[in-house]
Structure formats: structure tokens, C-alpha cells
Amino acid sequence: MTEPFHCDIMRCDNLVRRLLPAMRAEMVYRLVNERGISQSEVSKRLGVSRAAISQYMSRKRGCNPGEFPEKLEMIIEQWVSAIASGEGRITICDICRSTDPSDRR
């Protein structure tokens, strides 16, 4: 039985520091390499510098030490689609709900 979702600021803080940078790096990589969006355009859509995009692409920023769980892969793909199309959005809560409760601590 799964534990009901419980919002907790410490879980969010941990998620933002531990998972979000790697997820953002993966999202940027997919936008450029799979969707064919230029690094300059990705930087504009995300509101970050072109240098930050370059660092994500070279894995100097947000390096992922391994593979993402399937649920997070789905969230990353939804995020990529939302940025590529300009429609929809992904929130921190969406990401948190997709993580294993034992990983949110």
C-alpha cells in the first residue's frame, strides 16, 4: 500500500537540491539533442543564461550520477514536451509526487 502524499518543506528542499539539477540537465539535453531546439532558444525559454545551457550540455552542471526511476523519466519527458510546445507546465509538487516516499526525506 502506498503512503498518501504529504507535503513537507524539508522534502521539497531535499528534492530541489538533490534531484532537480540533474533533471534539468537531462531536460536541456533532450530539448537540444532530441527536439532540435537551439541552445540559445532553450536558454530563452527557460530564462537562464546561454552559458548555463552549455554547462548542462557538457554535464558540468546538474550531472546525473545514474538513471532516473521510470516515474521521473515520465515527468522529465512531460517537462520536455511542455517546454518544446510552450503548453503545459510541470511543478515541484508533480516531481515530488513522482518520487519514492523514502527518497523524499
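The values are calculated or read from the model by the stated rules, or taken from the named source; none is laboratory data. This structure is a prediction, so every number in the text was calculated from the model and none was measured. Glycine gets a Cβ as well: all are built from the backbone with ideal geometry, and neighbour counts include every protein chain shown.
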Answer residue from region 1-30, given it is touching a Leu at 6+ places or on another chain (Cβ under 9 Å) and hydrophobic (A, V, I, L, M, F, W, C) and is surrounded by the most Cβ atoms within 10 Å (Cβ to Cβ) among those: VAL28
Test: residue in region 80-89 that is of a type in the set (Asp, Glu), out of contact with any Asp or Glu (no Cβ under 6 Å at 6 or more places or on another chain) and exposed (fewer than 14 other Cβ atoms within 10 Å of the Cβ): yes
Residue within region 35-55 that is assigned to a loop (DSSP other than H, G, I, E, B), buried (at least 18 other Cβ atoms within 10 Å of the Cβ), modelled with pLDDT of 90 or more and of a type in the set (Val, Ile, Thr) present: yes
Single residue of region 10-62 satisfying the filter (closer than 17 Å to SER81 by Cβ and among the charged types (D, E, K, R)) that is farthest from the chain's Cα centre (by Cα): GLU41
